[in-house]
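Notes follow the structure.
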Amino acid sequence: MSSAPSPASTAGHKKVDAVQLMKDDPKVSADVKKSLYKPCAADEYPVEVTYASVTGSTSPDVIVNVMTCADSVGIGSYVYRRHAGAKDGYDNVYANEQPLVYAGVNKGELEISKQTYAAGDKVCCPSGEDVMTYRWSGGRFTPHHRYHTDYSKTTVDGGTPGDGTGSEG
């Protein structure tokens, strides 16, 4: 019995040393590179790497999210595309270094999420989220769709987060 690979399968992708790729990339800011000088713990760097096709390339693209060690807050998101005709080289085709950013893939499109905060919001509790999807067209990403979500400020039991009472007094 055999099973067909899923459409999103990136079987055969070559694992990339994302930390070294970013350290060597002149488009990555000094602030983000500083977070890659040493691992957070043991040999674990604050990076998340996803392999997916978002540029239409025959090789999977490399999507890298860099976070802070202390609280895993996104400080940079990048997409690397394999050089045309090259085996090991990659081009940085997308970079976003606005704090609280996170890149992912949704239905083959690049999806960028950013937490939004109102005055007085704690880091744990953003007021909402902006999401923008991008499509690869003409050798670059172009905005395709955007939406915003406002988060509820109440908990299931009717209290507000962090008030300690469990109810509005």
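Count of region 71-87 residues, restricted to those that are surrounded by fewer than 20 Cβ atoms within 10 Å (Cβ to Cβ) and more than 27 Å from Thr116 (Cα to Cα), is 5. Just to be sure before I move on: is Ser127 within 17 Å of Thr50 (Cα to Cα) and open to solvent by less than 70 Å² (accessible area, probe 1.4 Å) in the structure I sent? Here the answer is no, as Ser127 does not meet what is asked.
Just checking, which of Tyr80, Tyr94 is in contact (Cβ under 8 Å) with a residue 60 or more places away in the chain and under 13 Å from the mean Cα position of the chain (by Cα)? Answer to the check: Tyr80.
The set of residues in region 40-70 being open to solvent by 40 Å² or more (accessible area, probe 1.4 Å) and assigned to a loop (DSSP other than H, G, I, E, B) consists of Cys40, Ala42, Asp43, Tyr45, Ser53, Gly56, Thr58, Thr68, Cys69, Ala70. Filtering region 21-39 to residues that are among the hydroxyl-bearing types (Ser, Thr, Tyr) and either surrounded by 13 or more Cβ atoms within 10 Å (Cβ to Cβ) or within 19 Å of Gln98 (Cβ to Cβ) (or both) leaves Ser29, Ser35.
All of Tyr90, Tyr117 fail the test of being touching a strand residue (DSSP E or B) at 6+ places or on another chain (Cβ under 7 Å), open to solvent by 20 Å² or more (accessible area, probe 1.4 Å), of a type in the set (Phe, Trp, Tyr) and at pLDDT below 95, apart from Tyr90.
The values are calculated or read from the model by the stated rules, or taken from the named source; none is laboratory data. Quantities reported herein were computed from a predicted structural model and do not represent experimental measurements. Backbone-built Cβ (ideal geometry, glycine too); neighbour counts: all protein chains shown. Side chains are part of the model used for accessible areas, which takes the heavy atoms of the whole protein and leaves out ligands, DNA and RNA. Shrake-Rupley method; radii C 1.70, N 1.55, O 1.52, S 1.80 Å.
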